[in-house]
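Note sheet for the following structure.
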Amino acid sequence: MYMRPESLENVRTHYCAGCGHGIIHKLLAECLDELEIRQNTILVAPVGCAVLAYKYINVDGLEAAHGRAPAVATGLKRARPENIVISYQGDGDLLAIGAGETLHTANRGENLTVIFVNNAIYGMTGGQMAPTTLEGQKTLTSPYGRNAAEVGFPIRACEMLDTLEAPAYIERTSVHNPGAVRKTKKAIRKALEYQISGAGYSFVEVLSMCPTNWGVDPVTGASWVKDAMIPWFPLKKFRDRPAENAEKEAS
Amino acid sequence: MMKPTEEIVISGFGGQGVLLAGKLLCIAAMRGGRHVSHIPSYGAEMRGGTANCSVVISDEPVASPVVEHPGVVIALNEPSVAKFEPKMRPGGLLIWNSSLVKTPPTRQDLQIVDLDATGISLEEGTERGANMAALGALIALREGFLSLEALDEALDEAVSARNRERNPVNRRILRAGYSAASAA
Amino acid sequence: MSKKTVLMKGNEALAEAALIAGCRHYFAYPITPQNEIPAYMAKRMPELGGVFLQAESELAAINMVMGAAAGGARTMTSSSSPGMALKQEGISYISGAELPCVLVNVMRGGPGLGGIAGAQGDYFQATRGGGNGDYRNIVLAPGNAQELADFTVDAFDLADEYRIPVMILADGFLGQMSEAVVLPEPTGKTFEKDWALTGAKDRNKRLVASLRLAEGSLEAHNLHLQKKYDSITQALRRFETYKTDDADYVLVAYGTSARISRQAVDRLREAGVKAGLFRPTSLWPFPDKELHELARKAKRILTVEMSLGQMVEDVRLAVEGRCPVEFHGRAGGALPALDDVIETVMRFEREEVTHVHAS
């Protein structure tokens, strides 16, 4: 049975058919409800398709410049440590124009949560190559397919952040099927719980669909995540410091 | 009666207390009710071997803090003499550290005073007090400018609590410099 | 002088003043010649339970300021010219979102990496806005260490009152120079921040953003901003005059240039030339009406800058042709020489005399 979480606004979104953002918004809203933190949460929205995320999630919202969401979130969290701060970003925002902010916010171990929606393409601007566009993938700005020799390979955010000492929690999930959706919700919830407990920086990368800009139907979009994206971006819990520490203490 | 505006450059290498010497002059003069400014050379220049600061002490508000043509130069090392002697105003006072400078200044239109500044400091067991010896000499040579007592007080104000225990030594070096210049 | 007078470096006087004003969130990236500010904050903030954070970039620093300001904090960043250029994106967003904050530019010579000596080449950037869109920031121009402190305390109140970034536009000489300072007292003013993001507890959610896509809403927002800028222009044109009452020649200068110009006025008066100084202490809004009044009585105006002519454009706009506006400037970290300024005005005097004889 479908129930609208209290943290989700009862409005039509601007997202396209088959887009993953709507699913991820709902998962986030459910977590806010379940953890009873809606009234304490501030959402930092990026530039990109999720620029209007603050219209759909019923919490205080702050809009950041392109790529700067982690820096804005840092300033906000430092000023209001008692609030839950979430930076919701896409692949262009997080890994291209905002790669520096991403890296350093993680490296400082800021006690906030980053939700990274990776759909391997720029959606808002109409389908250009992203830092996570796969080799050979055709986009408006890689019309002959991404040529790694020329523009490099798709960047793996989780693996990169996993080299840092500070982050508490890093996981990559997906929303291409119901099982994956459930795991994504679990990961988002865990990330928020860690922020609540003050464990530090938590990062959830969600592989998502963009059928419109991939030029496929929604069903094909979901299977492309599985067949093309997951082999390059493996679904995995890279880091769970609090759990690892608890285990160590127990043994 | 207005006192003349003093435009002073203090120059040496890092560790000779060039900036502190300038600050002491400023604090002492400021307590005497005069307008003061102190500006160090900064940035890349600081890494080139010489450190210097410009000090202006005046009865009117200080215009530019940067002294282009100093009336007083305290040169604690060789490069400082080479750099500032040519820039000095005719009639200016150049106190140079004869303990370290091998090439004495030569201009005929300046009051040139050699001071064994590092030597005087070493007699108190430290080579870091050449700045104090030179300040003492400046007080002796510039009548009516500042008193030794004013500098004594400035020392307590300028130096961090941690370093204040060295002030008795600093005051003795200050006076030794004063005597050396008075005798000359 | 009272015992409370202390010898302080301009940068440090400014930093301490920010703390006095209640700033507890400071974010910056190192750049000469303002490095004493982050160093001072790094030392003092932990003592006060505040936040000093060395950002990974100028962009990150200004955006951290945006985040802290959105949370209702009194917050500041400081930089110097090339770093300030990098911050412009954030300043535009902060302006669009109407957040209060204090920005400090201790200017150095440009363009590009330029040099590290003080300059005034960022006047356009500061007063016109280097970022995109129709926005203005209040720009205050201190002329000594005392004003660096006083204007900074004031800047925090102005920022909160008008929900606008307030910039302290200083230069490397002012930042590096030590002078006598009496540290200001806190003003005690408080401001209700009913827009700050604190979590939507027992109230509707709030949004701090600059994006406005609905038809007409962006123009409406711009008109709202303009109305605010108009009221600031009415309320806040600041300046100081020196011997201008009977002046034939009015020098116009701010910051370090004004210090030199003031002394030039004294020397010119000693030589029997009626000179005066008009020193804007707010560069935006520019005190145009007041300068216009002086121009009606003056024979000529001389703008003196540590640039090759930026503020002079505002001077010409203010004077509206009432008298000739001349310019003397030095660039790339050089200071206007006192003798050059004096000689320029002396030349005016000679030309005026010749002119009178010829006519």
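Backbone geometry of the range C:307-323 corresponds, through the Karplus equation with coefficients 6.51, -1.76 and 1.60 at θ = phi - 60°, to 3J(HN,Hα) couplings of 7, 9, x, 10, 4, 3, 5, 5, 5, 5, 5, 6, 6, 6, x, 4, 8 Hz, x marking Gly and Pro.
Using heavy atoms of the protein chains and a probe of 1.4 Å, the accessible area assigned to C:Asp194 is about 100 Å².
Taking amide H as placed 1.01 Å from N in the peptide plane, the amide H of A:Phe238 sits under 5 Å from that of A:Ile170, A:Glu171, A:Arg172, each at least 5 places away or on another chain.
Under a GNM of chain C (C-alpha, springs under 10 Å), which listed residue has the highest mean-square fluctuation: C:Met66, C:Met306, C:Met45? Evaluated over chain C, the most mobile residue of the options is C:Met45. Of the residues A:Arg80, A:Arg4, A:Arg241, ranked by 1.4 Å probe accessible area with the largest first, the sequence reads A:Arg4, A:Arg241, A:Arg80.
Remark: the range C:175-187, residue by residue, has Karplus-estimated 3J(HN,Hα) of x, 8, 7, 9, 9, 6, 9, 9, 4, x, 8, x, 7 Hz, where x stands for each Gly or Pro and the curve is 6.51 cos²θ - 1.76 cosθ + 1.60 at θ = phi - 60°.
Say the cut-off is 21 Å between C-alpha atoms; which of A:Lys26/C:Lys205; B:Lys23/C:Lys9; C:Lys201/C:Lys227; A:Lys138/A:Lys226; A:Lys26/A:Lys190 go over it? Before the final figure, lay out each step's value.
On the way: A:Lys26/C:Lys205 18 Å; B:Lys23/C:Lys9 10 Å; C:Lys201/C:Lys227 32 Å; A:Lys138/A:Lys226 18 Å; A:Lys26/A:Lys190 16 Å.
Violating the 21 Å limit, Cα to Cα: C:Lys201/C:Lys227.
Of all the options B:Met30, B:Met88, B:Met132, the one that moves most in a Gaussian network model of chain B with Cα springs shorter than 10 angstrom is B:Met30.
Using θ = phi - 60° in the Karplus curve 6.51 cos²θ - 1.76 cosθ + 1.60, the 3J(HN,Hα) couplings for the range A:99-111 round to 4, x, 4, 4, 4, 6, 5, 5, 5, 7, x, 3, 7 Hz; x is entered for Gly and Pro.
Give me the inter-chain shielding for C:194-204: mean count of other chain Cβ atoms within 10 Å, whole number please.
Working: counts 0, 0, 3, 13, 7, 12, 10, 5, 1, 2, 2.
Per residue, the number of nearby Cβ atoms from other chains is 5 on average.
Amide H contacts under 5 Å for B:Ile112: B:Leu94, restricted to partners 5 or more places along the chain or on a different chain, H placed in the peptide plane at 1.01 Å from N.
Relative contact order, percent, of chain C when contacts are C-alpha pairs under 8 Å separated by at least 6 residues? Don't jump to the answer; show the numbers that get you there.
Numbers: 770 pairs, mean separation 61.3, N = 359.
After rounding, I find 17 percent.
Counting only lysines at least 8 places from C:Lys243 when in the same chain, those with an alpha carbon closer than 27 Å to its own are B:Lys3, C:Lys274, C:Lys289, C:Lys297, C:Lys299.
Only bridges with both residues in the protein assembly as shown count here: give the DSSP antiparallel percent, nearest 5.
Working: 34 of 108 bridges.
In the protein assembly as shown, approximately 30 percent of DSSP beta bridges are antiparallel ones.
When the helix-only estimate is applied to chain B (DSSP H runs of n ≥ 4, each -39,500 (n - 2.57), divided by the residue count), what is the mean residue ellipticity at 222 nm, nearest 500 deg cm²/dmol?
Values: 6 runs with 67 residues, N = 184.
Helix contribution divided over all residues of chain B: -11000 deg cm²/dmol.
Amide H contacts under 5 Å for C:Val252: C:Phe278, C:Leu302, C:Thr303, C:Val304, restricted to partners 5 or more places along the chain or on a different chain, H placed in the peptide plane at 1.01 Å from N.
Partner chain Cβ atoms within 10 Å, averaged over the residues of C:207-219 - can you pull that number for me?
On the way: counts 9, 10, 9, 3, 6, 0, 3, 0, 0, 0, 0, 0, 0.
The shielding value for this peptide is 3.
Per residue of C:254-266, how many C-beta atoms from partner chains lie within 10 Å of its own C-beta, taken as a mean?
Details: counts 0, 0, 4, 2, 1, 6, 2, 1, 3, 7, 1, 0, 3.
Per residue, the average neighbour count from other chains is 2.
To the nearest ten degrees, helix C:217-235 and the longest principal axis of the Cα atoms of chain C are 50 degrees apart. Interface burial in the range C:73-91 reaches 10 Å² or more for C:Glu89, comparing the full protein assembly with the chain by itself; accessible area from heavy atoms with a 1.4 Å probe.
When both bridge partners sit in chain B, DSSP labels roughly 50% of those beta bridges antiparallel. The spacing between the range C:199-275 and the range A:138-192, judged by their C-alpha centroids, is 48 Å. Please compute the Cα-Cα pair-distance distribution of the protein assembly as shown with 10 Å bins starting at 0, giving whole percents from short to long. With 10 Å bins starting at 0, P(r) equals 3, 13, 19, 19, 16, 13, 10, 6, 2, 0, 0.
Taking every protein chain into account, the accessible area of the range B:6-183 amounts to 41 square angstrom per residue (probe 1.4 Å). Ranking C:Phe151, C:Phe191 from most to least accessible surface, computed with a 1.4 Å probe over the protein chains only, gives C:Phe191, C:Phe151. Relative to the longest principal axis of the Cα atoms of chain C, the long axis of helix C:81-96 lies at roughly 60 degrees.
Once every DSSP H run of n ≥ 4 in chain A is given -39500 (n - 2.57) and the sum is divided by its residues, what mean residue ellipticity at 222 nm do you get, rounded to the nearest 500 deg cm²/dmol?
-10000 deg cm²/dmol
Compared with the dominant principal axis of the Cα atoms in chain C, helix C:145-162 is inclined by about 50°.
The values are calculated or read from the model by the stated rules, or taken from the named source; none is laboratory data. What you are looking at is a predicted structure, and each value in this text was computed from that prediction instead of being measured. Cβ atoms come from the backbone with ideal geometry, glycine included; neighbour counts cover every protein chain shown. In case anyone asks, the SASA skips ligands and DNA or RNA and just uses the protein heavy atoms, side chains included. Shrake-Rupley method; radii C 1.70, N 1.55, O 1.52, S 1.80 Å.
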